[in-house]
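Chemist: Below are the structure tokens for one structure; questions will follow.
Quick note: the coordinates plus some simple rules give every number you see, no bench work behind them. Because the structure is a prediction, the values reported are computed rather than measured. With ideal geometry, Cβ positions are generated from the backbone for all residues, glycine too; neighbour counts draw on all protein chains shown.
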Amino acid sequence: MSGKIVIIGGGISGCATAYELARNGIAVTLLERGDLHSMASGWTLAGVRQSGRHPAELPLAAAAVARWSDLNDELEADTEYRRHGNLRMALTESDVPKIKEVVEETKAAGIEITYLDSIADIHAIAPALTSDIAGASFCPSDGHANPAKSVQAFANAAIRQGAYIRTGVEVLRIVTEGERVTGVETADGVVGADVVVVAAGIYSPLLLKPLGYDLPLDIRHVPAIQTVPAPPMLDQVLGVAAGTFAGRQQVDGRFRLTAGSSPWNAGDRHDPFNVQPTLAQVQETLAFSIRAIPALEKLRLAQVWGGLLDQTPDALPVLQRPSGLEGLVIGAGFSGHGFCLGPITGQILADLAVHGSTELPIDPFRIERFATRTGNPEALTLHG
Ligand SMILES: Cc1cc2nc3c(=O)[nH]c(=O)nc-3n(C[C@H](O)[C@H](O)[C@H](O)COP(=O)(O)OP(=O)(O)OC[C@H]3O[C@@H](n4cnc5c(N)ncnc54)[C@H](O)[C@@H]3O)c2cc1C
């Protein structure tokens, strides 16, 4: 059993962890440098998806999906979670084998998924979709949620249970004494802790490096657009074989759409301006979106933004309490698909913080694997 716990990061991973700890009566402080959900957990498409996951991540995604269905009652808030499925389109015949592979892999994990090769079958589910596709996979238990409302729901529930959440406080470094963590340093001084949970998204490597842990991230920049509210047209989350487009219609009627990604070369720090997409990126996203749902052509644009992704070499996260330094817990590197996992990430990081271990299968997610990894980095598979 641990004493005081400090969490760095107020995205879905940090806020869900704060909630899990607080509801178990553990003293926890969460420090967030900006606002809650001001980075990936706000920029996200917020698909809640099992289909197309790496086999190592599938048990966590399935456990997360099981949690999402009861989350509103549990957190006493509306996360706008909807479970209407994920449609991954084969845009051309050459995409069909990849989509069928996703179907086989997902089925092998015991998750219901079908391949639809007739446009009539696809339109029976999603009438607004283009007829100009070769087929699509359909996983009915996938869905989506409202990212800001979900993070806030975790944070509010955590606060009701006694968690202390502070925004506008940057952790400058993790403080250690000998072989153990003793707290975190902020501009206002040191906050003491027996356990520090690093859930700091793309900034996690900056906090871990001085402790001797190398988390290799390829930071990717992804453009996103949002339309004005439209009548209900699409229940599912859309994706494509190569992960180069994803979109959905929010509960409030707005479409949230994203396409493509590029390396992030703007230095260590982001600001609201250098994260905005270029006109060319917006143009590509619009073209993909209208190609997928022709009726979008008539909709007005409400917002554009860019998001940064913490892509690891194998596109899998680090979830670990490393043995080398007592009191350190890592939850980072979610590689573009950590929103869905949020409720389970919270459970895992809280287990690691309190007990040092968890019953959930996290062996594949150790940081040491990167030191011995060979081969090419995995491609970004951003598809809801
Ligand atoms: C465009 C886009 C689309 C996506 N689509 C999906 C999707 O459909 N489905 C899905 O599951 N996932 C998706 N993702 C990925 C998902 O959003 C992320 O994996 C997830 O939100 C990560 O949450 P997090 O809490 O770990 O990190 P973040 O949300 O990035 O939170 C980290 C927080 O730590 C804070 N922080 C950093 N350093 C410090 C410090 N030194 N001191 C204090 N605070 C600090 C940051 O300000 C930030 O708020 C998408 C991401 C993007 C960008």
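Chemist: Please work out whether the range 307-349 counts as rounded, prolate or oblate from its C-alpha gyration tensor, where a ≥ b ≥ c are the square roots of the eigenvalues and a/c under 1.5 means rounded, while otherwise a/b larger than b/c means prolate and anything else oblate?
Modeler: Oblate shape, in that a/c is at least 1.5 and b/c is the bigger or equal ratio.
Chemist: Percent relative contact order of the chain, based on C-alpha pairs within less than 8 angstrom and at least six residues apart? It would help to have the intermediate numbers written out before the result.
Modeler: Numbers: 924 pairs, mean separation 92.5, N = 384.
Reported relative contact order: 24 percent.
Chemist: What are the ³J(HN,Hα) values, in whole Hz, obtained from phi via the Karplus relation 6.51 cos²θ - 1.76 cosθ + 1.60 with θ = phi - 60°, for each residue of the range 105-113 in sequence order, with x given for Gly and Pro?
Modeler: 5, 5, 4, 4, 8, x, 9, 5, 7
Chemist: Using DSSP to call loops (not H, G, I, E or B), can you name the GluC sites (Glu not before Pro) in the range 71-168 whose Cβ has at most 15 other Cβ atoms within 10 angstrom?
Modeler: E76, E112
Chemist: Oh, and also: For the range 251-260, what does the Karplus curve 6.51 cos²θ - 1.76 cosθ + 1.60, with θ = phi - 60°, yield as ³J(HN,Hα) per residue in whole Hz, taken in order and with x for Gly and Pro?
Modeler: So the J values, rounded to whole Hz, are 4, 7, x, 6, 8, 10, 9, 8, 8, x.
Chemist: Related question: Taking every pair of Cα atoms in the range 254-384, average 1/r, invert it to obtain the Kirkwood radius, and report Rg/Rh to two decimals.
Modeler: Ratio value, two decimals: 1.05.
Chemist: Also, quick follow-up: Take the alpha carbon atoms of the range 79-158, find their center, do the same for the range 233-286, and report the distance between the two centers in whole angstrom.
Modeler: Using only Cα atoms to place each centre, the spacing works out to 17 Å.
Chemist: 5 Å is the cut-off here: which amide hydrogens, built 1.01 Å from N in the peptide plane, fall below it relative to I165, excluding neighbours closer than 5 in sequence?
Modeler: Residues meeting the criterion, in which the H sits 1.01 Å from N, are L30.
Chemist: Once you wrap a convex hull around the alpha carbon atoms of the range 123-210, what is its projected area averaged over all directions, in nm²?
Modeler: Approximately 10.8 nm², given one-decimal rounding.
Chemist: Next up: When the helices in the chain are scored as -39500 (n - 2.57) per DSSP H run of 4 or longer and the sum is shared across all residues, what 222 nm value do you end up with, to the nearest 500 deg cm²/dmol?
Modeler: Values: 11 runs with 107 residues, N = 384.
Estimated from H runs of four or more residues: -8000 deg cm²/dmol.
Chemist: While we're on this one: Give or take rounding to whole Å, what are the principal axis extents of the alpha carbon atoms in the range 64-175, in descending order?
Modeler: 53, 34, 28
Chemist: With axes computed from alpha carbons, what is the tilt in degrees of helix 12-23 against the longest principal axis of the chain, rounded to the nearest 10 within 0 to 90?
Modeler: Approximately 50 degrees, to the nearest 10.
Chemist: Counting residues in the chain as N, plug N into 2.2 N^0.38 Å and put the Cα Rg over that result.
Modeler: Ratio of Rg to 2.2 N^0.38 Å for the chain: 0.96.
Chemist: Could you tally the net charge around R291, taking each other residue with its Cβ under 11 Å from the Cβ of R291, Lys/Arg +1 and Asp/Glu -1?
Modeler: Computed value for this residue: -3.
Chemist: If amide H atoms are built 1.01 Å from N in the plane of the peptide, which residues on other chains or at least 5 residues away come under 5 Å of the amide H of F245?
Modeler: Answer set, sorted by chain and number: V240, G260.
Chemist: If we count every other residue with Cβ under 14 angstrom of P97's Cβ, Lys/Arg +1 and Asp/Glu -1, where does the sum land?
Modeler: -3
Chemist: If you line up the long axis of helix 338-355 against the longest principal axis of the chain, both from Cα atoms, how many degrees apart are they, to the nearest 10?
Modeler: 20
Chemist: Could you put H355, H54, H221 in order, starting from the residue whose Cβ has the fewest other Cβ atoms within 10 Å?
Modeler: With the sparsest Cβ surroundings first, the list reads H355, H54, H221.
Chemist: Among N265, G192, P231, whose Cα lies farthest out toward the positive end of the dipole of the chain, if unit charges sit on the beta carbon of Lys, Arg (+1) and Asp, Glu (-1)?
Modeler: Among N265, G192, P231, the one farthest towards the positive end of the dipole of the chain is P231.
Chemist: Got a sec to turn the phi values of the range 125-134 into Karplus ³J(HN,Hα) couplings, 6.51 cos²θ - 1.76 cosθ + 1.60 with θ = phi - 60°, whole Hz, x for Gly and Pro?
Modeler: For the range 125-134, the Karplus curve yields 8, 9, x, 7, 6, 4, 8, 8, 9, 8 Hz.
Chemist: On a full-extension model of 0.36 nm per residue, what is the gain between L172 and D132, subtracting their alpha-carbon distance, rounded to one decimal in nm? Don't jump to the answer; show the numbers that get you there.
Modeler: Numbers: separation 40, 0.36 × 40 = 14.40 nm, distance 5.15 nm.
Difference between extended and current length: 9.3 nm.
Chemist: Would you mind counting up the charge near N265? Only other residues with Cβ under 12 Å from its Cβ, with Lys and Arg at +1 and Asp and Glu at -1.
Modeler: Working: positive: R220; negative: D218, D268.
Result for the neighbourhood of N265: -1.
Chemist: Same structure, new question: Nearest 10 degrees, 0 to 90: what angle lies between the long axis of helix 279-292 and the longest principal axis of the chain (Cα atoms)?
Modeler: In the chain, helix 279-292 runs at an angle near 50 degrees to the longest axis.
Chemist: Which of the aspartates and glutamates could a cross-linker span from K149 if the Cα-Cα distance has to be under 20 Å and same-chain partners fewer than 8 positions apart are dropped?
Modeler: E20, E32, D35, D70, D73, E74, E76, D78, E80, D235, D252
Chemist: Going by the alpha-carbon gyration tensor, a ≥ b ≥ c the square roots of its eigenvalues, is the range 1-145 rounded (a/c under 1.5) or, if a/c is not under 1.5, prolate (a/b greater than b/c) versus oblate?
Modeler: prolate
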